[in-house]
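One structure below.
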RNA sequence: UGACCGAUGGUGUAACGGUAGCACUACAGUUUUUGGAGCUGUCUGUCCAGGUUCGAAUCCUGGUCGGUCAACCA
């Protein structure tokens, strides 16, 4: 593939790779590259996080660096161990290894406290006794400068004393905060004396009741980066306006060596889905989906249950690229990535979703043949499975038309098709019920056309089938996109008083009771298959002996359906 | 309209003052015991207006459009 890697050939680098390449060339941080993935453990990871994970671990990998997993757990009222566990499982499942570098912002609470004392001593932070509402009012608006806090000019000694007493728990929640003393007239709202610490009498999932003051994100994040000797602190675009503050804190601490650098990129958006934690939570809480791992959810756990593979998600993250421009990726690209992956790796099987009986009139009553079927034509090593064939079969109702249009290559009266791995057949007649619905299709088979016999007879169509008496029943969940419009959050498409929920696709889940070939009888959960001519599927954890359940990952591309 | 950021085919993303390329999508052909997969090909693009330059997607100026920011959230 990479046959042109001469010295002249300039590799195509994204903007992050360019920055890092330059930093290495300039020997910044001694040429080290160290990134981190910093989730807040307050919810489940989604595909946007997956992009960030692939980015941070991928960059470290590419430049011989390291990537830390760091939980940004500075708000005890929102964070839980349950989410720590699920996040770790998801990152690992995606294929990344943080080795022994599992860190928590809460590990640094004492360090952060000492740093704050340092800043207070420099006269650059003060304890403010205004209420949250007062602070908000004093902050002004982007166009109007804020007003100074009456507590802004306390002595260093007084600030030190008050801050220590905050920590000791002498004050009520909300009564005091520590604020950086920056510029209440800054056009950047984040520089208008931002809060560094607030009082919260809350139990923290790791530090328990050791602390009653907790650092804010802006104060904790950059300093945590510094403590971990992070070189490139990569975050999403909305933190761009925080960067001056990120740098201000580093300056206030007189950090000159090993200064981490914040770089922002545009988060992932996907068509036909919503991505914000709040909206996903709404879907779960209102029962619009069946939990966080519902196969229609863009959560990592949902994608996993849907049947997306780690490799397909990594390939996707690679292909969407990374830049600073707002983007909406077509979900078709994601689907392409999983098809590409599963086409090479998923064994084939036959399953009939909407069966109609096909009877081969000239096939001996009671006879069964075991016919070999290639497990995966894309993989010569894959081998075969045996499929029973008999006089009565099920085929897909859609594969028969009594009065077909031109270019219909499937079965119709008088036409010939091949039954995959078996014989060419001709349709002779049909039997209908009182309502005119076809109940039986009668055919003649041609014994000399048996697959593998070297028969050169050609037909236009090939159908999948299962032997009626050998078929196993299975529950098959046909998933489709959760929303019926590309951008469900677009205000232009949402009437007043409504929200994205009106765009929920009512057909996003159809459950059918299918007939599958008997080889599938014993599959355990989590196995991928291609059901020939229909799509890729995975056996669901709901599968039990005697009750098979499959989820459709994605249908096969279908140029016939498209023409219809 | 306070500040900051961004703008390249339908969607993403490259091009670092010198041939606008790649992927997905769409379409066509080829092949095929999956109307799948594969292979080949085609269509469609530098937001606008000026300027600098032999030469501008790239640099400058001014617009336009889009995004972000006013939690004791992250």
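Values in this text are rule-based calculations from the coordinates and carry no lab data. Worth saying up front: this structure is predicted, and the values here are computed from it rather than measured. Neighbour counts run over all protein chains shown; Cβ positions are idealised from the backbone, glycine included.
Between residue A:505 and residue A:172, what FRET efficiency follows from the Cβ-Cβ distance if R0 is 41 Å, with the result rounded to 0.05?
Values: r = 49 Å, r/R0 = 1.20.
Efficiency for this residue pair is about 0.25.
How big is the stretch A:351-464 by the Kirkwood estimate over distinct Cα pairs, in Å?
Result for the stretch A:351-464, one decimal place: 14.9 Å.
Taking the square root of 5 times each eigenvalue of the Cα gyration tensor, what semi-axes in Å does the equivalent ellipsoid of chain A have, largest first?
Working from the Cα gyration tensor, I get semi-axes of 61, 25, 20 Å.
Once you treat every alpha carbon in the stretch A:227-278 as an equal point and sum by Debye, what is log10 I(q)/I(0) at q = 0.20, 0.23, 0.25, 0.28 Å⁻¹?
-0.77, -0.90, -1.00, -1.13
Which percentage, to the nearest 5, of the DSSP beta bridges contained in the stretch A:351-464 is antiparallel? List each step's numbers first, then the result.
Working: 22 of 29 bridges.
If we restrict to bridges inside the stretch A:351-464, about 75 percent are antiparallel.
What is the extension gain from residue A:78 to residue A:143, computed as 0.36 nm multiplied by their sequence separation minus the C-alpha to C-alpha distance, in nm to one decimal? Please list the in-between numbers first.
Numbers: separation 65, 0.36 × 65 = 23.40 nm, distance 3.23 nm.
Contour length minus the Cα-Cα distance gives 20.2 nm.
Compare the peptides A:340-353, A:199-212, A:256-269 by average per-residue count of other Cβ atoms within 10 angstrom and give them in order, highest first.
Per-residue mean Cβ counts within 10 Å order the peptides as A:340-353, A:256-269, A:199-212.
For chain A, give me the percentage of DSSP beta bridges that are antiparallel, rounded to the nearest 5 percent.
If I count the DSSP bridges inside chain A, around 70 percent turn out antiparallel.
Rg to Rh ratio, the stretch A:116-273, alpha-carbon atoms and Kirkwood radius?
On the way: Rg = 16.7 Å, Rh = 16.9 Å.
So for the stretch A:116-273, dividing Rg by the Kirkwood Rh gives 0.99.
For a bin width of 5 Å, list the pair-distance distribution of the stretch A:193-254 built from all Cα-Cα distances, rounded to whole %.
Spelled out bin by bin, the stretch A:193-254 gives 4, 15, 23, 22, 16, 15, 5 percent.
For the stretch A:406-479 and the stretch A:354-398, what is the centre-to-centre distance using only Cα atoms, to the nearest Å?
What the calculation gives is 10 Å, centre to centre.
Suppose the chain between residue A:455 and residue A:209 were pulled fully straight at 0.36 nm per residue; how much longer would it get relative to their current alpha carbon spacing? List each step's numbers first, then the result.
Values: separation 246, 0.36 × 246 = 88.56 nm, distance 7.90 nm.
That pair, residue A:455 and residue A:209, stretches by 80.7 nm at full extension.
Percentage of Cα-Cα pair distances in the stretch A:18-88 greater than 13 Å, rounded to whole percent?
Values: 1684 of 2485 pairs.
When every Cα pair of the stretch A:18-88 is considered, 68 percent fall beyond 13 Å.
Quick one: Debye curve from the alpha-carbon atoms of the stretch A:458-564 only, equal weights, vacuum; give me log10 I(q)/I(0) at q = 0.16, 0.19, 0.21 Å⁻¹ to two decimals.
Debye intensities relative to I(0), on a log10 scale: -0.84, -1.01, -1.12.
Normalised radius of gyration for the stretch A:296-426, please: alpha carbon Rg relative to 2.2 N^0.38 Å, two decimal places.
Relative to the 2.2 N^0.38 Å estimate, the stretch A:296-426 comes out at 1.47.
Using alpha carbons only, how many degrees (0 to 90, rounded to 10) separate the axis of helix A:331-345 from the longest principal axis of chain A?
Result, in degrees: 60.
Fewest first, what order do A:196, A:386, A:184, A:166 take by the number of other Cβ atoms within 10 Å?
A:386, A:184, A:166, A:196
Between residue A:369 and residue A:64, what is the label-point separation in nm under the 7 Å Cα-to-beta-carbon projection?
6.2 nm
Would you please state the base-10 log of I(q)/I(0) at q = 0.17, 0.20, 0.25 1/Å for the stretch A:41-121, with intensities from the Debye formula using one equal scatterer on every alpha carbon?
-0.77, -0.95, -1.21
Divide by every residue of chain A the summed helix terms, -39500 (n - 2.57) for each DSSP H run of at least 4, and state the resulting mean residue ellipticity at 222 nm, rounded to the nearest 500 deg cm²/dmol.
-7500 deg cm²/dmol
Using the reciprocal of the averaged 1/r over all distinct C-alpha pairs, how large is the Kirkwood radius of the stretch A:65-163 in Å?
Radius from the Kirkwood sum: 17.1 Å.
How large is Rg over Rh for the stretch A:504-550, taking Rg from the Cα atoms and Rh as the Kirkwood inverse mean of 1/r across Cα pairs?
0.98
Quick one: order A:15, A:171 by neighbouring beta-carbon count within 10 Å, fewest to most.
Going from sparsest to densest Cβ surroundings: A:15, A:171.
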